[in-house]
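Student: Take a look at the following structure, please.
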Amino acid sequence: MMRFSKVIAAGSVFAIAACTSTPAPTTPASEEGIKGPATARVTPMPSAMLDTTQTITRIAFGSCLKQEDDQSIWNSVARSEPDVFLFIGDNVYGDNYSGEPGLPELHEAYAKLAESKPFAAFRQETPLLVTWDDHDFGLNDNGASFQYREDAEALFEDVWAVPENSPVRARPGIYDSRMIGSEDGKRVQILMLDTRFFRSDLKETNERNAPGKERYLPDTDVTKTMLGNEQWLWLTQELRKPADLRIIASSIQVIADGHGWEAWRTLPKEREKLYATITATGAENVIFVSGDRHAGGIYRRNLVTTYPLYEVTSSSLNAPLSAWLDVTSPDFRQEAGPHRIGEMFYDENFGIVDIDWEQEVVSLRLTSKTGETVREQIIPLTELRPAY
């Protein structure tokens with residue numbers, strides 16, 4: 001598959017909140033670091049500039065990166081030569097366990113990630129689009145009730161060098177989108193959702209660690225939200241735009257139903273609204289990518305829209321479930337798999353979406369730390385459109 005050469009903008013970043021392919025100007029903060037509490041001084045993490053006029057054929061993505069652990073997986077991601085990398089949550093672990101308003105743990109976590117040479121080398125060559133999950137939002141499993149969410153957003157926008165004129169800085173939350181490719185028939189829309197800033201509290205389980213009830217139960221309260229009113233309006237408007245492939249990045253799983261951890265299934269009315277919005281807007285060619293689970297898998301859901309929906313979950317970049325559990329043991333409880341295609345993958349991994357525009361097929365892949373394809377689903381683009 002032919003790759004196009006990327007334009008590298010030294011000292012610039014193209015994070016999720018950037019509106020155009022023009023890099024943000026260098027600011028004193030990018031030279032001196034972002035001043036945080038205690039002794040932490042966070043340096044903005046620049047990446048290569050994304051040329052949104054180019055046709056892209058490979059998108060890589062990943063989640064759940066422990067900033068203090070081995071970062072060598074970035075070398076394998078780099079060898080795959082993605083046109084863009086989606087960093088979709090738990091990009092660091094900086095939970096606000098101290099309760100201090102300055103978010104010192106999150107500052108320290110970002111500072112540690114900025115020291116990573118493999119990550120720095122990867123960012124220099126590859127554009128990043130970034131959103132967050134709970135551990136880089138500020139506190140495990142938290143949402144709108146997290147008292148320092150505005151501070152976490154401000155830190156996120158500074159760390160990932162969101163341009164001052166970006167609408168993301170002017171509105172609550174960090175959701176944003178990118179349309180890549182100017183050639184008819186080869187336009188890719190990437191939608192990075194914010195599943196934290198607005199999300200209502202979840203319904204706690206009545207049987208902790210029971211299969212399918214591990215932490216949370218589905219809550220049908222129609223007043224609860226996953227995205228918040230403004231983000232729902234934005235998503236509806238975005239899905240009405242013409243695109244030949246749409247990648248919707250959600251930090252938590254959308255389709256999966258086999259567990260009681262955080263996922264869209266915990267707010268089923270919101271998930272139904274998501275499916276209905278896709279149908280009502282006439283949005284074709286939708287694929288979900290997600291993370292969070294410290295394991296990977298590929299999913300397919302029928303009969304919720306006018307065509308099948310696919311999702312590929314990639315997690316973790318360096319903190320997989322196999323690192324603390326013997327997943328080969330007969331006593332290991334395999335997760336129930338409604339809608340999942342094949343078995344889950346429990347070692348380090350990252351995801352790849354390959355697009356063959358000539359053959360009109362998309363390949364969803366999970367890739368191991370060494371670069372080996374361990375799970376794959378090939379989808380004709382014609383399958384991602386209504387049958388009528």
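The values are calculated or read from the model by the stated rules, or taken from the named source; none is laboratory data. What you see is a predicted model, and the numbers here were worked out from it, not measured in a lab. A quick note on method: Cβ atoms are made from the backbone with ideal geometry, for glycine too, and the neighbour counts reach across all protein chains shown.
Student: List every residue pair whose Cβ atoms sit under 8 Å apart, with the two residues 6 or more apart in sequence or on different chains, where the first one lies in region 321-348 and is free of Cβ contacts under 8 Å to residues at least 12 places away in the same chain and the second, anywhere, is of a type in the set (D, E, K, R).
Tutor: 332/326; 334/343
Student: Here is a further query. Within region 219-234, count every residue that is in a loop (DSSP other than H, G, I, E, B) and in contact with a Pro (Cβ under 9 Å, 6 or more places away or on another chain).
Tutor: Here the count works out to 3.
Student: Filtering region 104-131 down to residues that are assigned to a loop (DSSP other than H, G, I, E, B) and in contact with a strand residue (DSSP E or B) (Cβ under 9 Å, 6 or more places away or on another chain), which residue is surrounded by the fewest Cβ atoms within 10 Å (Cβ to Cβ)?
Tutor: The qualifying residue surrounded by the fewest Cβ atoms within 10 Å (Cβ to Cβ) is 126.
Student: If you go through region 137-160 one residue at a time, how many are over 19 Å from the mean Cα position of the chain (by Cα) and at positive phi?
Tutor: 0
Student: Given (1) buried (at least 20 other Cβ atoms within 10 Å of the Cβ); (2) over 30 Å from residue 118 (Cα atoms); (3) not aliphatic (A, V, I, L, M), where does residue 302 come up short, assuming only one miss?
Tutor: Only one criterion in (1) buried (at least 20 other Cβ atoms within 10 Å of the Cβ); (2) over 30 Å from residue 118 (Cα atoms); (3) not aliphatic (A, V, I, L, M) is unmet by residue 302, namely (1).
Student: Let me ask something else. Taking region 237-260, which residues are more than 17 Å from the chain's Cα centre (by Cα) and under 26 Å from residue 203 (Cβ atoms)?
Tutor: Listed by number, the residues that qualify are 257, 258, 259, 260.
Student: Could you pull out every one of the strands (runs of 3 or more DSSP E) wholly within region 269-352 that has 1 or more residues that are over 28 Å from residue 238 (Cβ atoms), at pLDDT 95 or above and of a type in the set (Gly, Ala, Ser)?
Tutor: It comes to 340-345.
Student: For region 142-151, which positions are surrounded by fewer than 19 Cβ atoms within 10 Å (Cβ to Cβ), touching a residue at least 24 places away in the same chain (Cβ under 8 Å) and of a type in the set (D, E, K, R)?
Tutor: 151
Student: Which of the residues belonging to region 235-253 are surrounded by fewer than 24 Cβ atoms within 10 Å (Cβ to Cβ) and part of a loop (DSSP other than H, G, I, E, B)?
Tutor: Across region 235-253, the qualifying residues are 240, 241, 242, 243, 244.
Student: Filter region 357-388 for residues that are in contact with a helix residue (DSSP H, G or I) (Cβ under 9 Å, 6 or more places away or on another chain) and either small (Gly, Ala, Ser) or in a strand (DSSP E or B) (or both) and give the result.
Tutor: Once the filter is applied, which keeps residues that are in contact with a helix residue (DSSP H, G or I) (Cβ under 9 Å, 6 or more places away or on another chain) and either small (Gly, Ala, Ser) or in a strand (DSSP E or B) (or both), region 357-388 yields 361, 362, 367, 368, 371.
Student: Within region 263-314, restricting attention to residues that are touching a strand residue (DSSP E or B) at 6+ places or on another chain (Cβ under 7 Å) and hydroxyl-bearing (Ser, Thr, Tyr), which residue is nearest to residue 366 (Cα to Cα)?
Tutor: 314
Student: Working only within region 65-94, note down all residues that are surrounded by 19 or more Cβ atoms within 10 Å (Cβ to Cβ), part of a loop (DSSP other than H, G, I, E, B), in contact with a helix residue (DSSP H, G or I) (Cβ under 8 Å, 6 or more places away or on another chain) and on the phi < 0 side of the Ramachandran plot.
Tutor: 65, 67, 71, 91, 92, 93, 94 - these are the residues of region 65-94 that are surrounded by 19 or more Cβ atoms within 10 Å (Cβ to Cβ), part of a loop (DSSP other than H, G, I, E, B), in contact with a helix residue (DSSP H, G or I) (Cβ under 8 Å, 6 or more places away or on another chain) and on the phi < 0 side of the Ramachandran plot.
Student: Kindly provide the set of residues from region 114-136 that are over 30 Å from residue 230 (Cβ atoms) and either under 16 Å from the mean Cα position of the chain (by Cα) or hydroxyl-bearing (Ser, Thr, Tyr) (or both), ordered by number.
Tutor: Scanning region 114-136 gives 116, 126.
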